[in-house]
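Q: The structure's right below; bear with me while I get my questions together.
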Amino acid sequence: MKNCRFYLSNVSFLFALVGCNTEVEQNIHYPNGGYDYPGTISPGDSNYYLYPIKNLIPRQDSFLFVDAHYLFQSFQEPNLSIKPSGEDIFRLTREGGLIWPTVITITNKEIVVKQATSGSPYPERDENQLDSLERFHYYILERYFPLDEGRYKAYNLDYIDSMIKLYPKLLDPKYYSYLREKAIVKSKQFVYTTKRINITGEKFKSIVDEIDSSRYWSLPFRNECETPPDDGFGYMLEANTKSKYNVSIYSLCPPDTSAFMKVCTELMKYADEK
């Protein structure tokens, strides 16, 4: 690696910085793991912010993951899961409990911290937006989707079998999506602050080394508590590199002393710096 002596001035100095950062990034080699970017996607799927794990998510949770686009689009964040961004990017998201959502993006040039200050990134829904039959269907689907897996049978709800025969569209996820969209009402304006912190390529590499050594690339995409606290929160760390994407969603499970939780906690300190 070249010795990046910062003795240049004006435009030449800026080009030297870019060159040094680029060279550092080129010397980063990530561990095995992660997910391939999709070859092609439909226009509708470009809104799916966790696309490579789409088929790994249990169907009963699928709409929770689809709703991630509300969070990221409220923060004006791009979809990192569908193609390389041209530079390596790590994005840490914290939300849940009684805290405001925070998104921290890390590249080899800067750390960008976005913190919500009012409103919600997610839309509010009002069942009164639906007609009486739709409200009944919405009630069923909110509690027992997907119906073709028979989750409702554990509650001996035999009448739902008759509803499925009478209204086969209850089995269609697109119908459920339609009801969810129709029920949306205008939410309060979502407001967030943005802070930018310049870093060197060497600092970026040291952050990446910490992430890599935390077993991040071999973690499952979802890590949950057996008994989560009522006011708990979680982290989601994404990676967009030139060759692969990765994501791990990690719930805070006190007392958690794992290396990955320590990395997330350390990165979140950038949100507290003045």
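None of the figures in this text is laboratory data; all of them are computed from the coordinates on show. In this text the structure is predicted, and so the values were computed from the model without any measurement. Cβ placement follows ideal geometry from the backbone for every residue including glycine, while neighbour counts extend to all protein chains displayed.
Q: Given charges of +1 on the Cβ of Lys and Arg and -1 on the Cβ of Asp and Glu, with all other atoms neutral, how large is the dipole of the chain about its Cα centre, in debye to the nearest 20? Don't skip to the answer; put the middle values down first.
A: Numbers: 32 positive and 36 negative charges, 132 e Å.
It comes to approximately 640 debye.
Q: Using Cβ contacts closer than 10 Å as the measure, can you line up C264, C253 from fewest to most? Each step should come with its number before you reach the end.
A: On the way: C264 25, C253 17.
Least to most surrounded, the residues fall as C253, C264.
Q: In addition: Run through the DSSP bridge list for the chain and note the antiparallel percent, rounded to the nearest 5. Spell out each step's value before the answer.
A: Working: 36 of 38 bridges.
Around 95 percent of the beta bridges assigned by DSSP in the chain are antiparallel ones.
Q: Taking one equal scatterer on every alpha-carbon of the chain, how large is log10 of I(q)/I(0) by Debye at q = 0.15 1/Å?
A: The Cα Debye sum returns log10 ratios of -1.23.
Q: Run the dipole for region 124-185 about the Cα centre, Lys and Arg Cβ at +1, Asp and Glu Cβ at -1, nothing else charged, and hand back the magnitude in debye, nearest 20.
A: Numbers: 10 positive and 12 negative charges, 23 e Å.
Once rounded to the nearest 20, the dipole reads 100 debye.
Q: Can you tell me the relative contact order of the chain? Whole percent, Cα pairs under 8 Å, sequence separation 6 or more. Mind dumping the intermediate values first?
A: Details: 398 pairs, mean separation 72.9, N = 274.
Here the relative contact order equals 27 percent.
Q: Something else now. Could you go through region 103-110 in sequence order and give the Karplus-derived ³J(HN,Hα) for each residue, using 6.51 cos²θ - 1.76 cosθ + 1.60 with θ = phi - 60°, rounded to whole Hz, and x for Gly and Pro?
A: Residue by residue, region 103-110 yields 10, 10, 10, 10, 10, 7, 10, 7 Hz.
Q: Also: Go through Y138, Y155, I184 and say which Cα lies farthest out towards the positive end of the charge dipole of region 124-185; charges sit on Cβ, +1 for Lys and Arg, -1 for Asp and Glu.
A: Towards the positive end, the residue furthest out is Y155.
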